[in-house]
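> Quick one: structure below, then a few questions.
What follows draws every value from the coordinates through simple rules; no lab data is involved. From a predicted model like this one, the values you see are computed outputs, not experimental measurements. Cβ placement follows ideal geometry from the backbone for every residue including glycine, while neighbour counts extend to all protein chains displayed.
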């Protein structure tokens, strides 16, 4: 009886091992999380909000990851990566007591990105699309 049970389990265990290997292998093959943002130039960036007569601002970035929280720049927030590809990232973040947001950043080059963000800052909702363009040193 025991040998029949073991013989019946062997194919299942082999299949389970293959499935686990398939799940683990892609995770090991992935690059660092949000690597696309790390490839953006540091320095001064002009952020122009679409539909507001070119209204925008210049910000000084130490890292492209700062673009995730344009509306909560000075806040310490938790983040959850929704999508992370070589050309686009989407991150949801939550800032206790200050609000939350979700931002998608699409890279066109190391000096040009398209940003779409929405959420709540304080008690006010926000939703805008913007273009970020490298403008030189800070």
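> What is the distance, in nm, between label points placed 7 Å from the Cα along the Cα-to-Cβ direction at residue 75 and at residue 111?
Output for this residue pair reads 3.3 nm.
> Follow-up question, since we're still on this one. For the residues 113, 76, what sequence is obtained by ranking on other C-beta atoms within 10 Å, fewest first?
Working: 113 24, 76 9.
Lowest to highest Cβ neighbour count: 76, 113.
> If each residue's Cβ is checked for other Cβ atoms within 10 Å, how do 126, 80 rank with the fewest at the top?
80, 126
> Looking at the square roots a ≥ b ≥ c of the eigenvalues of the Cα gyration tensor of segment 32-136, which shape do they give, rounded for a/c under 1.5, prolate if a/b is larger than b/c, or oblate? Walk me through the numbers before you get to the answer.
Values: a/c = 1.60, a/b = 1.15, b/c = 1.39.
Cα axes put segment 32-136 in the oblate bin.
> Sticking with this one: Got a sec? How would 82, 91, 120 order by Cβ neighbour count within 10 Å, fewest to most? Intermediate results must be reported in sequence, preceding the final value.
On the way: 82 12, 91 24, 120 16.
Fewest to most other Cβ atoms nearby, the residues stand as 82, 120, 91.
> Next question. Quick check: from the Cα gyration tensor, does segment 75-138 come out rounded (a/c under 1.5), prolate or oblate? Can you show the working numbers first?
Values: a/c = 2.02, a/b = 1.57, b/c = 1.29.
Prolate.
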